[in-house]
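Worksheet for the structure shown next.
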Amino acid sequence: MSEEQVRQLPLFEDERAGGGAKAPAKPEPDGPTAPAPLPPGGRSSISTAIHAFERYMRDRGFTENTQEAFLRDMRLLADYVGVGTPLSAISTTRLRAFLHWMQHERGVPCSDKTLARRTTTLKVFFGWLADEGVLPDDPAAPLIYRPLERSAPTVLTSEEIEALLAATTAIRLGHRGRKPDPRPHVLVTLLLHTGIKKSECVHIHVNHLDLSQPGQPRLWIRYAESRYRYKERQIALPADWLPALREYLRHYTIKDYLFPWTPRNLEYVLRRTGKEAGLPRLTFETLRWTAALRDYIGGMEAEALRRKLGLSRVRWAEWEPMLAFLAQSYT
């Protein structure tokens with residue numbers, strides 16, 4: 001594909017009209033048993049809200065295991081505060097007391113993993129209520145849990161990023177008698193900026209690149225399966241990435257997919273490039289977490305970062321405290 005062809009790649013009609021990926025259509029109610037919308041002001045009881053939450057999870061495609069676990073957690077909270085307690089009466093202080101009770105007073109073991117999941121449940125449930133306007137504020141937003149350091153993902157330091165980019169630039173220009181190859185530089189810089197997953201990277205079609213606005217390139221992340229439509233999003237790309245992209249398109253014959261190689265092949269490209277930079281192991285996951293952490297430290301608003309990464313509220317409730325943990329010692 002020529003540079004001129006890529007520059008003229010069109011956007012999808014629905015994206016052009018809405019300025020972003022369209023939200024999935026909500027399924028039609030199954031019948032008269034479908035719960036009515038919860039009124040604003042938090043007047044509904046927690047038991048009524050849990051019933052509506054169950055349908056919300058089902059409509060959004062939560063797995064059966066997740067639905068069952070979240071419902072167990074919420075019913076435990078309802079038993080603690082009283083099933084008829086209005087939502088407006090459940091404050092952050094009360095939620096903290098609930099978590100303390102589970103850990104120290106209930107008389108049933110509560111592991112760190114269980115505590116983390118139940119904290120996630122509260123964040124997803126009350127975050128949903130706040131988004132729907134049922135509650136004016138999210139009482140679970142201030143809740144945090146400290147991830148165990150042994151489970152922390154690998155991220156690149158500033159010095160390692162500098163060494164990595166020096167390596168991709170050397171490969172791009174040709175070094176040690178090798179032929180110039182822009183692929184590692186294009187791949188690594190794309191991942192460092194966007195934080196996209198491996199599965200998303202290998203499915204980028206050339207039509208997903210929007211180069212119609214000078215100096216404002218954008219990437220669309222698309223999904224074939226309708227249940228993942230909420231993950232679809234548009235990510236701004238840095239203008240200084242374009243020269244490397246054009247060089248890459250001149251070097252390789254690209255027809256459909258931006259990276260027409262197998263995931264295993266691209267993993268090998270990352271490992272080999274990491275070795276050139278003196279890194280023990282470079283992976284898609286490392287670059288994804290590094291990109292997220294850089295945006296987090298840079299002050300990107302939490303909701304914007306969640307959307308950029310394509311994370312559900314369930315997953316973001318796990319990622320956000322981990323990012324906070326990693327930021328404490330990042331250099």
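The values are calculated or read from the model by the stated rules, or taken from the named source; none is laboratory data. Fair warning: this is a prediction, and the values are worked out from it, not measured in the lab. So basically every Cβ, Gly included, is an ideal-geometry build from the backbone, and we count neighbours across all protein chains shown.
When the residues of segment 266-319 are filtered to those that are assigned to a loop (DSSP other than H, G, I, E, B) and surrounded by 13 or more Cβ atoms within 10 Å (Cβ to Cβ), which remaining residue is farthest from the chain's Cα centre (by Cα)? That would be ALA277. Of the residues making up segment 196-214, those that are touching a strand residue (DSSP E or B) at 6+ places or on another chain (Cβ under 8 Å) and not hydrophobic (A, V, I, L, M, F, W, C) are GLU200, HIS203, HIS205, HIS208, ASP210.
With respect to TRP261, determine if the residue is closer than 24 Å to LEU211 by Cβ and assigned to a loop (DSSP other than H, G, I, E, B). Give the derivation first.
Working: closer than 24 Å to LEU211 by Cβ: yes; assigned to a loop (DSSP other than H, G, I, E, B): yes.
Here the answer is yes, as TRP261 does meet what is asked.
Only one entry of THR120, THR114 meets the criterion of being buried (at least 19 other Cβ atoms within 10 Å of the Cβ), outside the structural domain of LEU311 (by TED's automatic domain parsing) and at pLDDT below 90, and that entry is THR120.
Can you tell me which residue within segment 215-233, out of those that are surrounded by fewer than 19 Cβ atoms within 10 Å (Cβ to Cβ) and either closer than 21 Å to ARG246 by Cα or outside the structural domain of TYR257 (by TED's automatic domain parsing) (or both), is farthest from the chain's Cα centre (by Cα)? Here the answer is GLY215.
Checking each residue of segment 288-310 against the condition of being among the basic types (Lys, Arg), farther than 16 Å from PRO182 by Cα, touching a Gly at 6+ places or on another chain (Cβ under 7 Å) and touching a residue at least 24 places away in the same chain (Cβ under 8 Å) gives at least one match.
Close Cβ contacts (under 6 Å, 6 or more residues apart or on different chains) running from residues in segment 112-137 that are within 14 Å of ARG315 (Cα to Cα) and of a type outside the set (Ser, Thr, Tyr) to residues that are at pLDDT 90 or above and part of a loop (DSSP other than H, G, I, E, B) comprise LEU122/ALA140; LYS123/ALA140; GLY127/ASP138. Listed by first and then second residue, the pairs linking a residue in segment 74-102 that is charged (D, E, K, R) to a residue that is loosely packed, with under 14 Cβ neighbours inside 10 Å, with Cβ atoms under 7 Å apart and 6 or more places separating them unless they lie on different chains, form an empty list.
What number of residues in segment 204-214 are in a loop (DSSP other than H, G, I, E, B), surrounded by 17 or more Cβ atoms within 10 Å (Cβ to Cβ) and modelled with pLDDT under 95?
1
Among the residues of segment 164-188, just one is touching a Lys or Arg at 6+ places or on another chain (Cβ under 7 Å) and exposed (fewer than 15 other Cβ atoms within 10 Å of the Cβ), namely PRO180.
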